[in-house]
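Engineer: Here it is, the structure in full.
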Amino acid sequence: MNNLIDIYKDIIFKLLLTSNGRTTDILEVLAEEGLQLIVSNQTIDHELLGNGETTKCILRESHILTRESKFILSHNYAKIYPEFTPDTLSEKIFKKKEGIGSNIKEMDIISTRRIINYGWRESTNVVNLLNEKTQIVFDCKDPIPFKEYVVSFEQNGHSGIHLIEYFNPNILFLMERKVKEPQNLLVK
């Protein structure tokens with residue numbers, strides 16, 4: 001069974017790191033259970049735009065875990081620019097601390113994602129979106145896969161959300177455990 005996991009390891013992480021669709025959907029399929037978002041920190045800041053003007057941004061740190069087994073799948077950093085994000089989405093994200101991707105999907109908001117960077121980082125080189133060194137909430141000595149991207153909406157042409165997601169490489173162990181504990185596939 002380990003060989004099967006090894007064979008698909010590259011494919012699984014390539015999908016996570018290069019997909020410009022909703023990463024949460026991929027994580028949900030891999031975990032085979034519902035996901036939960038935990039927002040550990042959310043603050044308001046201001047950022048200077050290229051035209052010299054200042055805009056408000058919401059800085060958010062969160063992680064996604066499985067509902068039942070409480071396995072941490074990813075540690076995420078986001079900058080949300082309310083000026084360039086649909087009002088209803090900004091309100092849900094800020095006031096209720098709800099998930100970004102799940103609300104985009106639920107509200108059927110048209111958006112595009114553009115990957116800026118992806119790859120693997122040593123745990124000692126993990127940074128947030130302010131380029132500050134930080135620590136990941138899951139325990140890992142191996143290099144950590146990450147994806148950095150922006151989400152744009154139909155208005156203004158400026159990206160409304162900037163994210164970096166660090167994925168727990170131990171998700172393969174979660175998958176292996178589920179493969180070893182197969183569900184009863186017989187129809188009665």
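Engineer: Can you list the HN-Hα couplings for the stretch 135-142, worked out from phi with the Karplus curve (6.51, -1.76, 1.60; θ = phi - 60°), rounded to whole Hz and with x for Gly and Pro?
Structural biologist: The phi angles translate into 10, 8, 6, 9, 7, 7, 9, 7 Hz.
Engineer: On a 0 to 90° scale, report how tilted helix 87-96 is relative to the longest principal axis of the chain, with both axes built from alpha carbons and the result rounded to the nearest 10.
Structural biologist: 60
Engineer: Can you sort Glu132, Glu61, Glu33 so the residue with the fewest Cβ neighbours within 10 Å comes first?
Structural biologist: Listed from fewest to most nearby Cβ atoms, that is Glu132, Glu33, Glu61.
Engineer: So, one more: Show that you can apply the helix-only estimate: for the chain, add -39,500 (n - 2.57) for every DSSP H stretch of four or more residues, divide by all residues, and state [θ] at 222 nm to the nearest 500.
Structural biologist: Rounded to the nearest 500, it is -8500 deg cm²/dmol.
Engineer: In nm, what is the difference between 0.36 nm times the number of residues separating Phe173 and Lys141 and their Cα-Cα distance?
Structural biologist: Value of the extension gain: 10.1 nm.
Engineer: Okay, next question. Taking springs between alpha-carbon atoms closer than 10 angstrom, which of Gly21, Gly160, Gly50 fluctuates most in the Gaussian network model of the chain?
Structural biologist: Evaluated over the chain, the most mobile residue of the options is Gly50.
Engineer: Share of Cα-Cα pairs in the stretch 1-140 beyond 27 Å, in percent?
Structural biologist: Value for the stretch 1-140 (Cα pairs over 27 Å): 25 percent.
Engineer: Report, in degrees rounded to the nearest 10, the 0 to 90 angle that the Cα long axis of helix 2-18 makes with the longest principal axis of the chain.
Structural biologist: Once rounded, the angle reads 10 degrees.
Engineer: Tell me the angle of helix 171-180 to the major Cα principal axis of the chain, expressed in degrees between 0 and 90 and rounded to the nearest ten.
Structural biologist: Relative to the chain, helix 171-180 is tipped by roughly 30 degrees.
Engineer: Something else now. Which of Ser40, Leu65, Ile161 sits farthest toward the positive end of the charge dipole of the chain, with +1 on the Cβ of Lys and Arg and -1 on the Cβ of Asp and Glu?
Structural biologist: Result: Leu65, furthest along the dipole toward the positive end.
Engineer: Further, regarding this structure: For Tyr118, which sequence-distant residues (separation of 5 or more, or a different chain) have an amide H within less than 5 Å of its own amide H, given hydrogens modelled in the peptide plane?
Structural biologist: Glu148
Engineer: Hey, can you grab everything whose amide H is under 5 Å from the amide H of Ile144? Only 5+ residues off in sequence or another chain; H modelled, so Pro and N-termini drop out.
Structural biologist: Arg121, Glu122, Ser123
The numbers here are math on the coordinates, done by the rules we state, and not lab data. Being a predicted model, the structure only gives us computed values, none of them experimental. With ideal geometry, Cβ positions are generated from the backbone for all residues, glycine too; neighbour counts draw on all protein chains shown.
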